[in-house]
Structure formats: structure tokens, C-alpha cells
Amino acid sequence: MIIDADTHISPENDGADCITYEKLIEMMDYSGVDKAIAWLKPPYMRETDNSNRYIYEAMKKNPERILGFGWADPHLGINKAKDTIKRCFEEYGFYGVKLNGAQNEFLIDDPKISLPLIEEINRFGKPAAFHVGGDFYENTHPSRIGKIAKKFPELKILMVHMGGASFKGTSISAIETAEAYPNTILIGSAVKSIHILNAVRKLGASRVCYGSDTPFEFMHVEVAKYQALFKDQVNTADMAKIMGENIKKFINA
């Protein structure tokens with residue numbers, strides 16, 4: 001089974017970097033991907049309610065294919081963001097919620113605007129996903145994930161991009177953080193292949209997951225990249241973990 005741990009969908013297919021859930025399913029079929037975590041395409045400082053609802057509708061219509069994650073933006077109001085998280089779990093049945101300090105411009109461990117939302121996610125016993133990339137070095141540095149992981153040792157944390165998403169990434173720090181905190185897992189999307197391979201060599205095959213960052217990357221190309229990258233590097237069982245079993249177990253899908 002192949003599970004893509006990083007895809008973005010939008011209510012309207014209004015450009016090359018926007019795809020509907022129908023298009024996502026087409027891409028999955030073409031790429032041989034069985035399931036995919038789907039969250040909204042970064043809305044920046046715009047309303048998230050309609051897009052979260054769209055993720056829910058996509059998951060409801062495709063429960064065997066789409067694993068929905070919510071999205072909360074503290075800049076829309078802390079109480080509103082908390083209500084969003086509550087709705088994501090109680091009404092939508094999402095597998096987790098994502099916080100993106102790069103697109104929404106906040107420190108992911110900020111005690112006033114981010115930690116209250118993490119506490120709310122943790123209250124539901126669900127995973128939290130974080131954009132962890134070099135594209136907004138200070139806001140999403142892996143060291144901030146370390147602080148969160150230490151404060152919430154029972155919280156399952158997805159480090160999306162594992163420090164990539166930029167020419168000058170922070171993947172070494174991401175791997176070191178994951179090594180120190182077993183409640184974290186790395187999603188190897190939008191990151192150099194050498195860092196993905198090094199993560200598996202350093203942490204083992206159980207701590208790294210395949211992700212494509214669709215539609216910002218081509219899903220079928222990313223699947224092929226992983227298959228080529230790990231050819232003769234890991235055994236069949238470990239390859240199955242990386243391509244789907246790890247994330248399935250981590251989010252309890």
C-alpha cells in the first residue's frame with residue numbers, strides 16, 4: 001500500500017497549483033497511490049472554513065482514499081482557531097490538524113498564539129502536522145518542533161518537508177530533532193533525496209514517510225523518486241513502511 005502523506009486540494013481548480021479532490025484521485029490512480037493525506041492549499045491570511053469543509057466533503061465521498069487533515073490559522077483569532085480545531089475533530093472526523101507558520105506567518109512554538117492551538121489538538125489526542133522548512137527559517141525551524149515535542153511528549157507530530165521546502169533547508173536539524181523526540185515523524189516531501197536517505201540511515205525506516213507535496217510536485221514522479229532512491233538500500237518490508245505503513249500507524253488510519 002502506498003499512502004501519500006502530503007497533498008493539497010482546493011474547492012476550485014483555478015490554476016496549475018490548485019487541484020480538486022477529483023483531480024487528486026486521478027493523480028493517485030495514475031501514480032499507483034492508494035490513499036493520501038489531504039489538507040487545504042495554503043490560504044495565507046484568508047478564511048479557512050470553506051476549505052476545511054471541502055476537505056471533509058472530499059473525505060466523506062472518498063473514505064477509502066482521502067485522509068482528511070484540518071488547517072487552523074491563529075491570525076484569524078485564537079478562539080476561532082480553537083473552534084476550528086474542535087469542528088475538525090468533532091464534526092469532520094479528521095485525522096489531525098496542520099499548523100503552517102510559513103504561509104500564515106507565526107512562530108510555531110509561540111506561547112501566545114500557537115501553543116494554545118497545540119494544546120487544543122492535544123486535548124483531542126490527535127496528531128498535529130507542522131510545515132517544517134527552510135523557506136521561513138525562524139518560524140518553522142526544527143528546534144521549535146523540539147520544544148513542542150518536549151512540552152507535549154504524548155502528542156504525535158508530523159514534520160512535513162523535514163526541513164526542506166527551500167534551497168537552504170534545515171534537514172540536518174530536522175533529523176536530529178526526530179532522533180531526540182520519538183513522538184515525531186518525518187514527511188519527506190519537497191526535500192532533497194540525500195536528506196531522505198540520510199534520515200532513514202540515521203533513524204531507521206520506521207521514522208520516515210513518503211510524501212509528494214502535490215500539486216506543487218508531480219505525484220507519479222515523487223513515487224518513482226522514492227522507488228529509485230531506496231532500490232538496494234532497504235528491504236521490501238522497510239520499503240513498505242516508508243511508502244505507507246508508517247503514516248498509517250502514526251495517524252491511526
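At-a-glance table
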item: Label-point gap, in nm, between K249 and Y137 - each point 7 angstrom along Cα→Cβ; result: 3.6 nm
item: Cross-link pairs beyond the 31 Å C-alpha cut-off, checked among K35/K82; K41/K248; K80/K225; result: K80/K225
item: Sites excluded, trypsin sites (Lys or Arg not before Pro) in DSSP loops with at most 12 other C-beta within 10 Å, longest stretch of the chain; result: 47-111
item: Gap separating the Cα centres of region 46-86 and region 200-234, nearest whole Å; result: 27 Å
item: Amide H contacts under 5 Å for I19, placed H, 5+ residues apart; result: S10
item: Cross-link pairs beyond the 27 Å C-alpha cut-off, checked among K86/K151; K147/K231; K60/K86; result: K147/K231
item: Cα convex hull of region 151-235 - mean projected area over all directions, nm²; result: 5.8 nm²
item: Alpha-carbon Rg/Rh ratio, for region 1-94, with Rh computed the Kirkwood way; result: 0.98
item: Among (1) 0.91; (2) 1.17; (3) 1.24, the entry that matches Cα Rg over 2.2 N^0.38 Å as calculated here; result: (1)
item: Descending principal axes extents, region 106-206, alpha-carbon based, whole Å; result: 36, 27, 18
item: Local electrostatic count at K248 - Lys and Arg +1, Asp and Glu -1, tallied over other residues with Cβ under 12 Å; result: 0
item: Dimensionless Rg over Rh [region 51-187; C-alpha; Kirkwood]; result: 0.96
item: Check: region 1-132 dipole with +1 on Lys, Arg Cβ and -1 on Asp, Glu Cβ, in debye; result: 360 debye
item: Relative contact order (percent, whole number), region 56-152, Cα cutoff 8 Å, 6+ residue spacing; result: 25 percent
item: Net length gained if the chain between R123 and N50 were fully extended (0.36 nm per residue, minus Cα distance); result: 23.9 nm
item: FRET efficiency for E154 and E90, using Cβ-Cβ distance with R0 set to 22 Å, rounded to 0.05; result: 0.65
item: Area accessible to solvent at H220, 1.4 Å probe radius, in Å²; result: 80 Å²
item: Helix-only CD estimate at 222 nm, as mean residue ellipticity for the chain, using -39500 (n - 2.57) per DSSP H run (n ≥ 4); result: -11500 deg cm²/dmol
item: Distant alpha-carbon pairs in region 38-78 (separation over 17 angstrom), percent; result: 30 percent
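The values are calculated or read from the model by the stated rules, or taken from the named source; none is laboratory data. Given the structure is predicted, the values throughout are model-derived calculations rather than measurements. In this analysis, Cβ positions are derived from the backbone assuming ideal geometry, glycine residues included, and neighbour counts consider all displayed protein chains. Quick note on the areas: whole protein, heavy atoms, side chains included, nothing else; ligands and nucleic acids left out. Shrake-Rupley method; radii C 1.70, N 1.55, O 1.52, S 1.80 Å.
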